[in-house]
Every structure is written in C-alpha cells, then in structure tokens.
Amino acid sequence: MAESEETHTETLQSSFPAGRVKRIVKLDKEINKLNSDALFVISNATEHFIKFLAEKSSEVVVEKKRKSIKLEHLRIAVKRHRPTADFLLDSLPNPPAAQISKQPVRSRKNNDSVPAGARRIDCFFQKCP
C-alpha cells in the first residue's frame, strides 16, 4: 500500500531571484515584513503577468508581420486588454513625438565661414586644423 501511494515532493521555484523581489516589495513603506509564502505568490504572479504580456505582444507582432517586439507592440497589447490598460498604460514610456517639420535639417559644412580667431564646435570634439 505504501508503494502505491507515492508522495510527490517537488519543490516549486520561481524564475525571479527571491532577494530581488523582496527588495522591490519592501520599497513600499507600508510593508515591514514579507512572509516567504507571500513572496512566492508575488513572484509567480509577476511571472505569469510578464508571460501574458509577452504572449499578447507577440500576437500583435504576428498581426503586423514583424519579427521583434517593440514598445509600440506592447502598447497596443496593453490597450486591447482593458484591465491591464487601466493601470499599466500610464506607466509605459510615451512613444517618440512626431517630428514637427518633415524638412531635413540643414547641416553646416566645414568650409562655412567662421569669424577670425574662433573655431567651430566640431573642432572641439575632433582634431581640426
């Protein structure tokens, strides 16, 4: 009978280092002590959440026929999932602002006239005569 009742003693471990998760949680001033069970649950919940975001972002990448996940793909995935968008959308970095003018920026050439006794700023960073 004892042979048929095998006990499974698997140790569950998180992908994240426990010390680092504990330090991050303790950044909250209201938390003084953290139980190891609570630490395990927080670590696993974080792991599942990141997995969820990666899956949703990869769906967006496949739709857009791209090969790598970028911030814009993550933003679209977060916007599509309403509960996530409520708290995470404000925390994501804003996309780069569109350029105001589409005209190319004119660069000065080395042979532009510089007042006597002055040097161009480029010469400060490079060896200029």
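If R0 equals 30 Å, the separation of the Cβ atoms of residue 18 and residue 54 corresponds to a calculated FRET efficiency of about 0.85. One equal scatterer on each Cα of the range 12-95, no solvent, Debye formula: the resulting log10 I(q)/I(0) at q = 0.17, 0.23 Å⁻¹ is -0.82, -1.06.
Where a number appears in this text, it was derived from the coordinates with a stated rule and is not lab data. Small disclaimer: the values here were computed from a predicted structure and weren't measured. Don't worry about glycine lacking a Cβ; one is built from the backbone with ideal geometry, like all the others, and counts go over all protein chains shown.
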